[in-house]
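Reading through the structure tokens given below for one structure.
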Amino acid sequence: MRELNRLKVPARTIMTPGPVEVDPRVLQAMSSSILGQFDPSFTSLMNETMGLLRQVLQTNNKWAYPVDGTSRAGIEAVLCSIIEEDDKVLIPSFGRFGGLLTEIAERCGAEVHLMHCEWGTVFEPEQVIAELKKIQPKVLAMVHGDTSTGRMQPLKEIGMACRELDILFVVDAVATVAGTEVKTDEWMIDGLITGTQKCLSVPAGMAPLTYNERIEQVLLERKSIEKGLLTQDLAVSSSGRRIRSNYLDLSQLQDYWSPARLNHHTEATTMLYGLYEGLNIILEEGLENRYQRHRLNEQALVSGIEAMGLTLFGDNQFKLPTVTCVQIPDGVDGDSVRKMLLEDFGIEIASSFGPLHGKIWRIGTMGYSCQQRNVLITLEP
Ligand SMILES: *Cc1c(COP(=O)(O)O)cnc(C)c1O
């Protein structure tokens, strides 16, 4: 007879930059009964979630909704919906996720102009603004907090410059929303993407995003071309202006999130329960209190690490408050320390990518994982 296999999930303290632990309330919400995607009980939940998202993303934009898929699905949705063949896109990259923006923009057929800075630092806003004036791109795409290097780029001045120069400003705020201040409207961000499994503290699987009427205008223009194309022969439909993705076409997705409720994909209704509950928890705590809690636990973690005689990586002035990067001392095998933490203590911390792999550990203080107890447990062994 076949043995009965049952799911076995060990207890963990997750101190990585995602996925992070989730409030039991979120897990409970996700075990609620299934609703159909056009059930009025579900569509009213969609509308409420849009309202909650506007508050968390600090925006009055009409459009604020999640795309199904992890954070990069949201990034790809925004970029592929606005970038047309040969459009100029400027990407100042200060870590691995600037590289992700670059790869996606290139796949959309953009003429990408890259700016680099040393990993562990960020850009002077004036540097970026000078390049904006020189290149005059259609889009500036930038990461707010890059978890690979643990740095955070100041965005306000860059946002103002983009608006003045009529450039679309797209920001990956996956690692920062709900963990530290992100002001979509005040910083004049046209399109902003986040993810569920970081400071929102909801399982991976959705990418909440928001965009304003400047981006919507591009979507509607491309959609009207699309409609014209459908009546012509197929050769014309390969025109560079058509949005290439079906799944991630924001002009179609917004029709499902609008009162028209036009059918697109089958919504991940259970994920939306989780997001809804997660957003409510954030607003019950209050954004300011939440940022304060993230700062406090980060400072406790940093003090503990320094007390051990370890050194932090990177320019401290631009440290990302939700990720702490620690230099691995000479002669220490970083991966075996991580293995020991996981196997002996059930604690997970992260390594890093590319040039930083084997050089630093990365410890997240995000969302529900960001609590005093977890910080103490992580410093203990
Ligand atoms: C984690 C992360 C992503 C990618 O998220 P996925 O959910 O794995 O797709 C993108 N950008 C930043 C800054 C991140 O930290």
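Read-outs throughout are calculated quantities, based only on the coordinates presented, and are distinct from any laboratory measurement. As the structure is a prediction and not an experimental result, all values here were calculated from the model. Because the Cβ atoms are built from the backbone with ideal geometry, glycine has one as well, and the counts that use them run over all protein chains shown.
Structure summary
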quantity: Relative contact order for the range 129-190, counting Cα pairs under 8 Å that sit 6 or more residues apart, in percent; calculated: 38
quantity: Spin-label proximity, Ser245 to the range 183-208 - amide N less than 20 Å from point 7 Å beyond Cα toward beta carbon; calculated: 190-198, 203-208
quantity: Charged-residue dipole, Cβ positions (Lys, Arg, Asp, Glu), the chain about Cα centre, Debye nearest 20; calculated: 480
quantity: Inter-probe distance in nm under a simple model that places probes 7 Å from Cα toward Cβ, at Glu124 and Lys8; calculated: 5.8
quantity: Amide hydrogen neighbours beyond the local backbone of Arg151, cut-off 5 Å, H modeled; calculated: Asp146, Leu320
quantity: Span per principal axis, largest first, for the Cα atoms of the range 1-136 (Å); calculated: 66, 39, 31
quantity: Pairwise FRET efficiency - Gln217 versus Arg25, Cβ, R0 = 45 Å, nearest 0.05; calculated: 0.70
quantity: Label point distance in nm, Ser32-Glu111, each placed 7 Å from Cα along Cα→Cβ; calculated: 5.0
quantity: Amide N of the range 6-37 lying under 17 Å from the label point, which is placed 7 angstrom from the Cα of Leu376 along Cα→Cβ; calculated: 13-14
quantity: 5 angstrom amide H check on Phe313, placed H, neighbours 5+ away; calculated: Cys325, Val326, Gln327
quantity: Partners for Lys359 among lysines (Cα-Cα distance below 18 Å; same-chain residues under 8 apart left out); calculated: Lys319, Lys339
quantity: Ser303-Asp344 FRET efficiency (beta carbon distance; Förster radius 22 Å; 0.05 resolution); calculated: 0.35
quantity: Relative contact order of the chain, pairs being alpha-carbon contacts under 8 Å that are 6 or more residues apart, as %; calculated: 25
quantity: Least to most buried among Arg151, Arg293, Arg362, Arg107 (fewest other Cβ within 10 Å first); calculated: Arg107, Arg293, Arg362, Arg151
quantity: Mean ellipticity per residue at 222 nm, deg cm²/dmol - from DSSP H runs of n ≥ 4 across the chain, formula -39500 (n - 2.57); calculated: -12500 deg cm²/dmol
quantity: Length-normalised contact order of the range 287-379 in % [C-alpha pairs under 8 Å, at least 6 apart]; calculated: 33
quantity: Longest exposed-site-free window of the chain, the sites being GluC sites (Glu not before Pro) in a DSSP loop that have at most 11 other C-beta atoms within 10 Å; calculated: 119-381
quantity: Karplus-derived HN-Hα couplings along the range 180-197 (A = 6.51, B = -1.76, C = 1.60, θ = phi - 60°), whole Hz, x at Gly and Pro; calculated: 8, 4, 9, 10, 4, 6, 4, 8, 6, 7, 7, x, 9, 10, 9, x, 7, 8
quantity: Cβ-placed point charges (K, R +1; D, E -1), dipole of the range 77-227 about Cα centre in debye, nearest 20; calculated: 300
quantity: For the range 109-171, diffusion coefficient by Stokes-Einstein and Kirkwood Rh (Cα), 10 °C, 1.306 mPa s, µm²/s; calculated: 130
quantity: Whole-number Å³ per residue for the convex hull built on Cα positions in the chain; calculated: 172
